[in-house]
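Structure record follows, encoded as structure tokens.
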Ligand code: EPU
């Protein structure tokens with residue numbers, strides 16, 4: 001069993017380059033199979049979620065080559081196959097093959113998706129949207145079957161601006177006959193990245209990145225290409241690391257407008273931030289002000305950074321309140337931060353943090369991806385040694401996290417237990 005071991009209180013200085021976005025690549029790989037020829041994806045992060053999706057491509061008979069951050073996917077000989085449980089449950093985003101296979105073959109068979117255990121995470125908006133496009137949906141045990149004579153464009157309104165439903169329905173509608181509109185669509189930047197790939201193949205999608213997306217169905221899709229956008233959550237995680245224990249830590253290769261909510265909150269806390277082209281230079285201030293944070297859909301404060309920013313709130317003098325509005329169960333990190341000395345009380349989806357409390361190293365567990373990143377941040381600023389178990393959650397989403405942090409002065413390593 002692998003464990004991350006961190007000796008805390010080492011100042012971070014130097015440069016961390018941000019990788020391609022996990023939540024883009026996990027949708028871009030399924031989107032690529034819509035092409036009749038294939039696609040080239042650039043700036044692909046080397047994370048375990050990428051590898052899990054490549055395993056699914058192989059089952060579908062796609063030839064692929066992944067080298068030097070570029071994946072080339074050849075779909076010319078692909079076949080529609082059942083996506084079995086062992087592959088589907090490795091990650092949430094396996095569900096994008098539902099929309100993509102349904103669009104391509106009018107038929108898809110796929111087991112329930114997996115992903116972090118942070119709430120019930122139903123997919124009713126996806127299912128209702130597929131039905132509106134003309135698909136029949138059958139549930140057999142843990143498997144979904146989707147079938148249609150042909151898909152037809154439709155007007156779809158989402159009760160909640162779900163990232164997953166927006167992307168999945170965009171994929172399903174790309175080849176449907178006529179026009180589809182998705183209203184109250186999610187506006188996360190990863191959605192525009194997926195539309196960029198599809199449009200490069202010849203799809204006719206407009207409005208991706210706004211709350212109203214229009215898709216005119218097309219018959220054929222040629223070779224596509226796209227560059228994966230920088231990961232805004234990875235960017236935010238390292239900027240928070242710099243705010244905790246950085247001295248001119250440079251986080252480079254970011255898109256500033258995608259992390260504005262975080263930068264604004266850090267500014268309110270009194271963190272020293274300089275902006276330089278596509279980089280942020282961040283240092284630990286003398287003291288932090290307590291603030292309130294409420295998670296919202298983009299461009300609001302991202303739920304994926306709510307756990308990481310909690311560590312910073314433990315270092316702020318006074319009472320901070322963090323309200324999570326997207327998921328019911330995103331507080332898995334709290335018992336471990338408490339074990340490290342944090343004063344946090346949780347009431348339903350709201351955490352109240354009393355600071356400033358020094359943190360001390362402890363043996364902890366990464367209960368999900370962002371909880372794991374949070375414990376890494378806590379370990380960096382804690383006195384003594386922190387040992388993190390179940391680190392495979394972290395490796396699902398942070399490319400070369402150990403090397404990146406070592407390069408800027410952290411004492412962090414992976415040990416085999
Ligand atoms: N929801 C429903 N029904 C649906 C779909 C969603 O009730 O059919 C609810 C969910 O249960 C949740 C809320 O709507 O309470 C938001 O869900 P959304 O569909 O937007 O999230 P997602 O697509 O499952 C993606 C990211 C998450 C990120 C959220 C919000 C991927 C693979 N995952 O999840 O990323 O938190 O959007 O931005 O893109 C992470 O990276 O750690 C992570 C969990």
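Picking from 240, 281, which residue would you name as being touching a strand residue (DSSP E or B) at 6+ places or on another chain (Cβ under 8 Å) and more than 13 Å from the ligand (Cβ to nearest atom)?
Only one candidate qualifies: 281.
Taking only segment 138-174 into account, find how many residues are farther than 23 Å from residue 325 by Cα, surrounded by 17 or more Cβ atoms within 10 Å (Cβ to Cβ) and within 15 Å of the ligand (Cβ to nearest atom).
Residues meeting the conditions: 7.
Could you name every one of the helices (runs of 4 or more DSSP H) located completely within segment 322-403 that has at least 3 residues being within 16 Å of the ligand (Cβ to nearest atom) and within 20 Å of residue 243 (Cα to Cα)? Write out each step before concluding.
Values: elements: 334-339, 369-381, 392-395.
Passing ranges, in order: 369-381.
Taking segment 69-118 as the region of interest, how many residues are without any contact (Cβ under 8 Å) to a residue 60 or more places away in the chain, within 16 Å of the ligand (Cβ to nearest atom) and over 19 Å from residue 146 (Cα atoms)?
Counting residues in segment 69-118 that are without any contact (Cβ under 8 Å) to a residue 60 or more places away in the chain, within 16 Å of the ligand (Cβ to nearest atom) and over 19 Å from residue 146 (Cα atoms) gives 2.
When residue 215 is evaluated against the numbered criteria (1) within 16 Å of the ligand (Cβ to nearest atom); (2) in a strand (DSSP E or B), which criterion, by number, is the only one it fails?
(1)
For residue 216, work out the one condition from (1) outside the structural domain of residue 69 (by TED's automatic domain parsing); (2) over 24 Å from residue 400 (Cα atoms) it doesn't fulfil.
(1)
Can you name every residue in segment 133-167 that is assigned to a helix (DSSP H, G or I) and either touching a strand residue (DSSP E or B) at 6+ places or on another chain (Cβ under 8 Å) or free of Cβ contacts under 8 Å to residues at least 60 places away in the same chain (or both)?
Within segment 133-167, the subset assigned to a helix (DSSP H, G or I) is 163-167.
Within segment 133-167, 165, 166 qualify.
Which residue pairs have Cβ atoms under 6 Å apart, sit 6 or more places apart or on different chains, and have a first residue in segment 345-369 that is assigned by TED's automatic domain parsing to the domain that holds residue 323 and surrounded by 23 or more Cβ atoms within 10 Å (Cβ to Cβ) and a second that is at pLDDT 95 or above and in a strand (DSSP E or B)?
These pairs meet every condition: 351/322; 351/344; 353/320; 353/344; 364/388; 366/388.
Can we say residue 213 is more than 20 Å from residue 72 (Cβ to Cβ) and in contact with a helix residue (DSSP H, G or I) (Cβ under 9 Å, 6 or more places away or on another chain)?
Values: more than 20 Å from residue 72 (Cβ to Cβ): yes; in contact with a helix residue (DSSP H, G or I) (Cβ under 9 Å, 6 or more places away or on another chain): yes.
Yes: the conditions hold for residue 213.
The values are calculated or read from the model by the stated rules, or taken from the named source; none is laboratory data. Being a predicted model, the structure only gives us computed values, none of them experimental. With ideal geometry, Cβ positions are generated from the backbone for all residues, glycine too; neighbour counts draw on all protein chains shown.
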